[in-house]
Amino acid sequence: MFATSDFRKGLKIEYKGDPYEIIDFQHVKMGRGGANVKTKMRNLKTGSVVEETIRSGEKFPPAGLEEKKMQYLYAQGSDYVFMDQETYEQITLNTGQLGDAKLFLKENIDVKILYCKGEPLNVELPTFIVLTVAKTDPAGFKGDTTSGGGKPATLETGAVVRVPFHINEGDTIKVDTRTSEYIERVK
């Protein structure tokens, strides 16, 4: 059981019968009344974000989640096929279950799939992924780099990220999958 004093970003609890992940929280002490915890949580089944005020000291059971390491194989229409690397069992997830993770899925990449009561909920990507730039504007002119700006680049998976002016089509870059930000060029 997790008490409100155990709350931290990323903690997964069961709330009103569904698994939730805590996005943000704040302990609030009112004048005469007891303390409360204002919590922002994401429902791991539906992806919706809710804000709740919970009495301090209230307890919640763990979400009962299981993680499995799987490999992304291929996309077929709006379905994405993954394979368990231990049992070679294949599962299919749709675009709704993947959310923004589909923008960074590259064939044969290892991911973690979160299960709740035997049902796959969502995909957790590696923090950093190396991808090739498929399309971007040509390199800027002399002096462009001083502005510190950037230009949009479409990656091989279809994701669009902002990159520095010196990045060209065919370059390989490292991207942070949590924030969709360019990290560095990879040689």
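The values are calculated or read from the model by the stated rules, or taken from the named source; none is laboratory data. All figures in this text were calculated on a predicted structure; none of them were measured in a lab. Note that we place each Cβ from the backbone using ideal geometry, even for glycine, and neighbour counts take in every protein chain shown. When the accessible area is computed, the model is the full protein with side chains, heavy atoms only, and any ligands, DNA or RNA have been set aside. Shrake-Rupley method; radii C 1.70, N 1.55, O 1.52, S 1.80 Å.
Side notes on the structure shown:
- For Lys117, the shell of other residues with beta-carbons less than 15 Å away shows a net charge of -2, using +1 for Lys and Arg and -1 for Asp and Glu.
- Over the chain, relative contact order from alpha-carbon pairs under 8 Å, at least 6 apart, %: 14 percent
- Alpha-carbon Rg with Dmax, taken over segment 12-55, Å: 11.6, 37
- Largest to smallest in accessible area, the residues Arg32, Arg162 fall in the order Arg32, Arg162 (1.4 Å probe, all protein chains included).
- Working note: 222 nm ellipticity from helices only, DSSP H runs with n ≥ 4, each -39,500 (n - 2.57), summed and divided by the residues of the chain, gives -500 deg cm²/dmol to the nearest 500.
- If only the Cβ of Lys and Arg carry +1 and only the Cβ of Asp and Glu carry -1, the dipole of segment 63-138 around its Cα centre is close to 160 debye.
- Look at [x] 57, 33, 28; [y] 62, 37, 29; [z] 64, 48, 25: the one that is Cα extents along the principal axes in Å derived from this structure is [z].
- Largest accessible area first, the residues Asp6, Asp84 order themselves as Asp6, Asp84 under a 1.4 Å probe with ligands, DNA and RNA left out.
- Rolling a 1.4 angstrom probe over the protein heavy atoms with all chains in place gives the chain an accessible area of 60 Å² per residue.
- Segment 158-186-segment 59-131 distance, computed between alpha-carbon centres (Å): 23 Å
- Surface composition of the chain: carbon plus sulfur atoms contribute 47% of the solvent-accessible area (1.4 Å probe, protein chains only, all chains present).
- Look at the dipole of the chain built from charges on Cβ: of Gly99, Thr39, Val49, the Cα furthest out on the positive end belongs to Thr39.
- For the options Gly57, Gly33, Gly158, a Gaussian network treatment of the chain with springs between C-alpha atoms closer than 10 Å singles out Gly33 as fluctuating the most.
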